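Since the structure comes first, as structure tokens, the remarks are kept for the end.
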Amino acid sequence: MVPLGTPVPEFSLPSTDGTPVASADLAGAPALLVMFLCNHCPYVRHIETALGTVVADYRDRGVAAVAICSNDTDTHPDDGATGLAEQARRAGFGFPYLLDETQQVALDFRAVCTPDFFVYDSAGRLAYRGEFDESRPRNDTAVTGEALRAAMDRVLAGEPVPEPHLASMGCGIKWKPGNEPA
């Protein structure tokens, strides 16, 4: 996992409607949530409605948020702009959903799966990388966003997020041939 304190990688990517969004556009917030998501993954679909609610709750507290899809759309066409825009409507996402067609941004963040969550503090330093909560598609645990909420509460209070941070579980990023992390 990427070390805590690592600065947010710089990026500029198109959103599903073609509008470019850059990391610099999100600077200055008391916290930044960067999520690697996609439309096809059952782990993402399992939490997507709750995720939309959690992000809306924290947007009201000043948290900037962005989702990025880095999957190969040749092998997973549902993860293209049209599919992601449909997912955003279905799940109530009120944040930009970006397309990382070169997959460089996923590599820069060291994202490995969908969903994958990274929370940065007001100085743009990584404070949390981990799971949304303990719910999975085939367990009976309620979808609450408890782990992510607790992390964002700590960051907004100016406190460190205690370790260990439990890694996200989900579908591996669908890498284009030759782009796989070393």
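Summary of values
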| quantity | calculated |
| --- | --- |
| Hits in region 21-45 - residues which are small (G, A, S) and part of a strand (DSSP E or B) | A22, A31 |
| Region 156-172 - residue that is small (G, A, S) and without any contact (Cβ under 8 Å) to a residue 40 or more places away in the chain and, of those, farthest from A50 (Cα to Cα) | G158 |
| T75 more than 29 Å from E163 (Cα to Cα), assigned to a loop (DSSP other than H, G, I, E, B) and out of contact with any strand residue (DSSP E or B) (no Cβ under 9 Å at 6 or more places or on another chain) | yes |
| Region 133-155 residues that are under 15 Å from H46 (Cα atoms), paired with ones that are among the acidic types (D, E) and assigned to a helix (DSSP H, G or I) (beta carbon under 7 Å, 6 or more apart) | D133/E146 |
| Pairs with Cβ under 8 Å, 6+ apart, first in region 102-114 and on the phi > 0 side of the Ramachandran plot, second surrounded by fewer than 18 Cβ atoms within 10 Å (Cβ to Cβ) | Q103/D72; Q103/W175; Q103/K176; Q103/N179; R110/M1; R110/V2; R110/P181 |
| Among residues of region 30-62, those that are at pLDDT 95 or above and acidic (D, E), counted | 2 |
| Given (1) outside any strand (DSSP E or B); (2) farther than 26 Å from T16 by Cβ; (3) in contact with a strand residue (DSSP E or B) (Cβ under 9 Å, 6 or more places away or on another chain), index of the condition P162 fails | (3) |
| Residues being assigned to a loop (DSSP other than H, G, I, E, B) and surrounded by 14 or more Cβ atoms within 10 Å (Cβ to Cβ) - total across region 168-182 | 8 |
| Residue in region 12-31 that is farther than 26 Å from E180 by Cα and surrounded by 22 or more Cβ atoms within 10 Å (Cβ to Cβ) present | yes |
| Residue satisfying condition, being out of contact with any helix residue (DSSP H, G or I) (no Cβ under 7 Å at 6 or more places or on another chain) and under 19 Å from A27 (Cα atoms), within set R129, R138, R110, R89 | R129 |
| Hey, V143 touching a Leu at 6+ places or on another chain (Cβ under 7 Å) and of a type in the set (V, I, T) or not | no |
| Residues of region 66-86 satisfying the condition of being farther than 18 Å from V21 by Cβ and either modelled with pLDDT under 95 or of a type in the set (D, E, K, R) (or both) | D72, D74, D78, E86 |
| Members of region 124-159 found to be among the aliphatic types (A, V, I, L, M) and part of a loop (DSSP other than H, G, I, E, B), listed by number | A142, V143, A157 |
| Of the criteria (1) farther than 24 Å from H165 by Cα; (2) part of a helix (DSSP H, G or I), which one G18 fails | (2) |
| Flag if L107 is at pLDDT 95 or above, touching a strand residue (DSSP E or B) at 6+ places or on another chain (Cβ under 8 Å) and outside any loop (DSSP other than H, G, I, E, B) | no |
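The values are calculated or read from the model by the stated rules, or taken from the named source; none is laboratory data. Because the structure is a prediction, the values reported are computed rather than measured. Positions of Cβ are backbone-derived with ideal geometry, glycine not excepted, and every protein chain shown enters the neighbour counts.
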